[in-house]
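Note sheet for the following structure.
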Amino acid sequence: MSPLPEKDRAIAQLLLSTGTCPRCVLRFCSVGSQLLYRKPRQDLMKDLQEFLKSSQAGEEEGDPACLDGADPPCKRIRLEQREGGADGLNHNGAIPQLPSAGEGNAATDSSPGKVCNVCLGVLQEFCEPDFVKKVCQKVNSADYQFTSFVFSVSLPPQLSVRERAAWLGMKQQMRNLGLPLAKDDIVQLKEAYKWIIHPQLSEELGVPADGKSLFEVSVVFAHPETDEECHFLATACPDCFKPAKNKQSVFTRMAVIKALEKIKEEDFLKHFPCPPSSPKNLCDALEIQCNNGAVFVAGRYNKYSRNLPQTPWIIDGERKLESSVEELISEHLMAEFKADSFNFSSSGREDVDVRTLGNGRPFAMELVNPRRIHFTAQEMRRLQQAINDSSDKIQVRDLQLVTRSAIGRMKEGEEEKTKTYSALIWTDKAIQREDIAFLDDIKELKLEQKTPLRVLHRRPLAVRCRLIHTMASEYIDEHHFRLRLKSQAGTYIKEFVHGDFGRTKPNIGSLLNRTADILELDVESVDVDWPPTLAD
């Protein structure tokens, strides 16, 4: 049975005669049968050659004999508008005679050892079991945990140029033969490649391919021999090629496709051979990479040290303190999850000299490209205990795996949340119990706070309106008292005490009519009901 309908006989013969591989012939003939692409390329070449040699009269015109109707519809690349005329007929209504496969060089030009002039070998050597095993060896040696995979491929941008050239070359030859070009789209190279490679990878790795999988296996192809083939497009369509910070070259795949959509057919034909010539060398598989989607861990931390920043404290490139809350936690998570890097976030932050007590401060950590992703509740408890045993400066509780979307709850309505503090305050003038008792009666005190001088170097100058909801004073001696206060999140408590040279109004100093300063500050609660509390 023939791999193509009779109406595609001319297209197949023309493509094969110019050095196009059998699988690319199927693509240009819009064949959507995945099973055909998976056939060994030598067998597929043999089938095509038999198809071309067979008597045209013996075939039922338009019979798509070997196409698998059960396969899902494929994505297509629109190249040209459909030309008019009946399929396979010249202007006189007769079927023109094409040279038989034996007369021309169709067989020799697309021989197994020759590199395809369109896909540059991607649908040839890189579909073979040896390459699949090479990819799987790379995956297995990376020691990832995964239950499925998604496969991605990066192709040289010049492949799009060669596809266009092959199409235009075929269009010209069909016109010369008096044949209309009945096809106006082709199967995408990436899609055809995945049809072939997916089942092989799946069998070798022992897990299914899944487009929604978080574990990605990617292959990056390059073809140095033809790298400059895109350059003429920059002259013809300069607006399509803009330098980008994160791109090594302006000739990205999307930029090339955009230029190919804009360039006129006659301009393209002036600058590029149609059909394209066969290269000497195959593509190179530059990189075979694996990447696991990020894992998110959340919990609450207590900080008991007054000499520990939340994140590394570095000023002008010089580290000020040897550790931080972030590092004491991440050190263990990075080791257990075997991640490449991490991103730490929390519900607010405390100064280096402020303790965080009570139930602690909610935090979340994104672990980037982790090798290990599956942890039982018991394993998470052991990990939490390991963090707590490693330092007396912090403690962690409610350590758990969460989703990316759940982290948003930590930041929701952040400024509407409340926080409770305990401040040890000093006054320059002596005080008695009755001097501070009125503070207990103040409710919903409105503050206007200019950006504090101490953070002005990293935060914009602004006036922020904040609320002190309640206060409770505890007399200690003539110059000291403790103030417990519940405030709106985002309130600068230190500045509320000493006034920051009048930048926070009112303040404790102005309310007491004397100079006040803060000696110690503790965060006693952060009223965010996330992450969920876990049983001990």
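Scan region 232-246 and give yes if some residue there is in contact (Cβ under 8 Å) with a residue 40 or more places away in the chain and either closer than 25 Å to Asn292 by Cβ or surrounded by 12 or more Cβ atoms within 10 Å (Cβ to Cβ) (or both), otherwise no. Yes, that holds for at least one residue.
Listed here are the residues, each with its yes/no results for (1) modelled with pLDDT of 60 or more; (2) open to solvent by 40 Å² or more (accessible area, probe 1.4 Å).
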site: Glu103; (1), (2): no, yes
site: Asn117; (1), (2): yes, no
site: Val132; (1), (2): yes, no
site: Leu155; (1), (2): yes, no
site: Ser160; (1), (2): yes, no
site: Leu168; (1), (2): yes, no
site: Lys183; (1), (2): no, no
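Report whether or not Ile407 is surrounded by 14 or more Cβ atoms within 10 Å (Cβ to Cβ), among the aliphatic types (A, V, I, L, M) and modelled with pLDDT of 95 or more. Judged against the criteria, Ile407 is not a match.
So, Gln289, is that one open to solvent by 60 Å² or more (accessible area, probe 1.4 Å), at pLDDT 95 or above and touching a strand residue (DSSP E or B) at 6+ places or on another chain (Cβ under 6 Å) or not? Yes; evaluated as a whole, the condition is true for this residue. Scan region 382-408 for residues that are under 12 Å from Arg300 (Cβ atoms), of a type in the set (D, E, K, R) and out of contact with any Ser or Thr (no Cβ under 8 Å at 6 or more places or on another chain) and the total you get is 1.
Any residue that is in a strand (DSSP E or B), acidic (Asp, Glu), touching a His at 6+ places or on another chain (Cβ under 9 Å) and not assigned by the TED database to the domain that holds Ser305 - is there at least one of those in region 420-434?
So far as region 420-434 goes, no, none of its residues is in a strand (DSSP E or B), acidic (Asp, Glu), touching a His at 6+ places or on another chain (Cβ under 9 Å) and not assigned by the TED database to the domain that holds Ser305.
In summary, Arg319 fulfils each of the numbered conditions (1) closer than 30 Å to Asp392 by Cα; (2) modelled with pLDDT of 95 or more with the single exception of condition (2). Answer with yes or no whether Arg371 is out of contact with any helix residue (DSSP H, G or I) (no Cβ under 8 Å at 6 or more places or on another chain) and open to solvent by 40 Å² or more (accessible area, probe 1.4 Å). Answer is no for this residue. Is region 135-147 home to any residue that is more than 30 Å from Phe337 (Cα to Cα), surrounded by 15 or more Cβ atoms within 10 Å (Cβ to Cβ) and hydroxyl-bearing (Ser, Thr, Tyr)? Taking every residue of region 135-147 in turn, none turns out to be more than 30 Å from Phe337 (Cα to Cα), surrounded by 15 or more Cβ atoms within 10 Å (Cβ to Cβ) and hydroxyl-bearing (Ser, Thr, Tyr). Quick one: in region 118-147, which of the residues that are in a loop (DSSP other than H, G, I, E, B) and touching a strand residue (DSSP E or B) at 6+ places or on another chain (Cβ under 7 Å) is nearest to Cys240 (Cα to Cα)? Only one residue fits best here, namely Val122. Is at least one residue of region 481-490 in contact (Cβ under 8 Å) with a residue 40 or more places away in the chain, farther than 27 Å from Arg409 by Cα, buried (at least 20 other Cβ atoms within 10 Å of the Cβ) and not assigned by the TED database to the domain that holds Asp351? The answer is yes; a qualifying residue exists. Being touching a Pro at 6+ places or on another chain (Cβ under 9 Å) and either open to solvent by 60 Å² or more (accessible area, probe 1.4 Å) or among the polar types (S, T, N, Q) (or both) holds for only one residue in Thr504, Thr418, Thr515, Thr427, and it is Thr504.
Would region 441-458 turn up any residue that is at pLDDT 95 or above, surrounded by fewer than 13 Cβ atoms within 10 Å (Cβ to Cβ), part of a strand (DSSP E or B) and touching a strand residue (DSSP E or B) at 6+ places or on another chain (Cβ under 7 Å)? The answer is yes; a qualifying residue exists. Any residue at all in region 525-535 that's of a type in the set (D, E, K, R) and surrounded by 16 or more Cβ atoms within 10 Å (Cβ to Cβ)? Taking every residue of region 525-535 in turn, none turns out to be of a type in the set (D, E, K, R) and surrounded by 16 or more Cβ atoms within 10 Å (Cβ to Cβ). Checked against (1) crowded, with 20+ Cβ neighbours inside 10 Å; (2) out of contact with any Lys or Arg (no Cβ under 8 Å at 6 or more places or on another chain); (3) not charged (D, E, K, R), Ser346 passes all but condition (2). Among the residues of region 293-339, those that are open to solvent by less than 30 Å² (accessible area, probe 1.4 Å) and of a type in the set (S, T, N, Q) comprise Asn302, Ser305, Gln310, Ser323, Ser324, Ser330. Within the option set Leu519, Leu511, being part of a strand (DSSP E or B), in contact (Cβ under 8 Å) with a residue 60 or more places away in the chain and of a type in the set (A, V, I, L, M) holds for one residue only, Leu519.
Taking Arg164 as the residue in question, decide whether it is open to solvent by 30 Å² or more (accessible area, probe 1.4 Å), without any contact (Cβ under 8 Å) to a residue 60 or more places away in the chain and charged (D, E, K, R). Here the answer is no, as Arg164 does not meet what is asked.
Residues of region 459-487 that are in contact with a helix residue (DSSP H, G or I) (Cβ under 8 Å, 6 or more places away or on another chain) and modelled with pLDDT under 95: none at all.
Inclusion of Glu474 among residues that are open to solvent by 70 Å² or more (accessible area, probe 1.4 Å), free of Cβ contacts under 8 Å to residues at least 40 places away in the same chain and part of a helix (DSSP H, G or I) is not warranted.
The values are calculated or read from the model by the stated rules, or taken from the named source; none is laboratory data. These figures come from a predicted structure and were not determined experimentally. For neighbour counting, all protein chains shown are included, and Cβ atoms are generated from backbone atoms with ideal geometry for every residue, glycine included. Quick note on the areas: whole protein, heavy atoms, side chains included, nothing else; ligands and nucleic acids left out. Shrake-Rupley method; radii C 1.70, N 1.55, O 1.52, S 1.80 Å.
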